[in-house]
Amino acid sequence: MKIDVKGPIISDENSAFYDYFNLPYTSPSVINDELSGKTDDIELVINSNGGDVYAASDIWTSLKSYSGKVTAKIYGMAASAASVIAMGADTLEMSPTARMMIHNSSTYGEGNHNDFDKISDVLKGTDKSIAQAYMDKTGKSEEEILDIMAQTTFYTADEALEAGLIDSVINFKNDNAEEAPLFENSNSGMIPQTVIDKFTTVALGAPISDDLVKNIADAVAKRLKNVDTHKPKNEQVNIDPFVF
C-alpha cells in the first residue's frame, strides 16, 4: 500500500481549512486512517517542507508502532517535520536528486520578556524531544544531533547516507522512473494560525462572502510565496503552533 506525505504537516484541527481551499497537506488522521486495522507493508512517498512539530511526532509514533513493514522514499524534499516522519520508517530510501533538512523548532508569538523566556525554554525542550527520532535512526548522541539541528543542516542523498539518516540511495534503472519535484524554498507552506482562526469563526457563524473568500485566498497565496504575515504587536502572549 502506498501513502503520500506531501504538502505541509498540519494538525487535524486545521485540516478543514486546507480541505476548503483544496490545498495538499498531511495530518495525523490522514496517516492513521490509512494504517488503521492493517498489517500490509507500507510504502511512504515523501515530498514535504515540514510543518507542525507535534503532528509530525504523532505520525512518527504511529509508524514506529505499525505492525507491518514501512519503507519510506524521499522523492523531493524531507525538511524539518517531514524528516522526523521519515525517521519512523523501518527502511528509508532517498532519490539522488532529493534533499533532507533538519533544524531547531520555531514558533511565533507576542508578549513581554518573561513570556519569551518561557517560550525559549519550551522550544529547547521540543528540540530535545525531536532529537530522539534522529538519535534512534543514526545512533548518534543527543549532543551531536542537537548540534546538527542548531546549524540548520541540509543533506544530499549521499550525505544523508553517510550520516546514517537513510539506508540507501534509490538507484533508478530506467528512464521512466518518477522525476523528483523541484525544491523551491524552505517555507513549510503552513497557513498562519490567525488566518485559520478567523476563517473558522466566520465559517461557523455566518455565510462566507465572495470578498472574504478572496481575502483569505490572497493571504494563503502570500504565505505560500513566503511573504511575511503582519502580526499585531500590543496583545497578550499568543503562540502559533510550533513549526519544525
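The values are calculated or read from the model by the stated rules, or taken from the named source; none is laboratory data. All figures in this text were calculated on a predicted structure; none of them were measured in a lab. Reconstructed Cβ throughout: ideal geometry from the backbone, glycine too, with neighbour counts over all protein chains shown.
Odds and ends about this structure:
- Picking from residues in segment 102-155 that are part of a loop (DSSP other than H, G, I, E, B) and of a type in the set (S, T, N, Q), the one that is surrounded by the fewest Cβ atoms within 10 Å (Cβ to Cβ) is 112.
- Among residues of segment 124-171, those that are of a type in the set (A, V, I, L, M) and farther than 24 Å from residue 64 by Cα, counted: 1
- Just one of the listed residues (26, 71, 91) is among the β-branched types (Val, Ile, Thr), at pLDDT 95 or above and crowded, with 22+ Cβ neighbours inside 10 Å, and it is 26.
- Yes/no for residue 56 being within 27 Å of residue 152 (Cβ to Cβ) and not basic (Lys, Arg): yes
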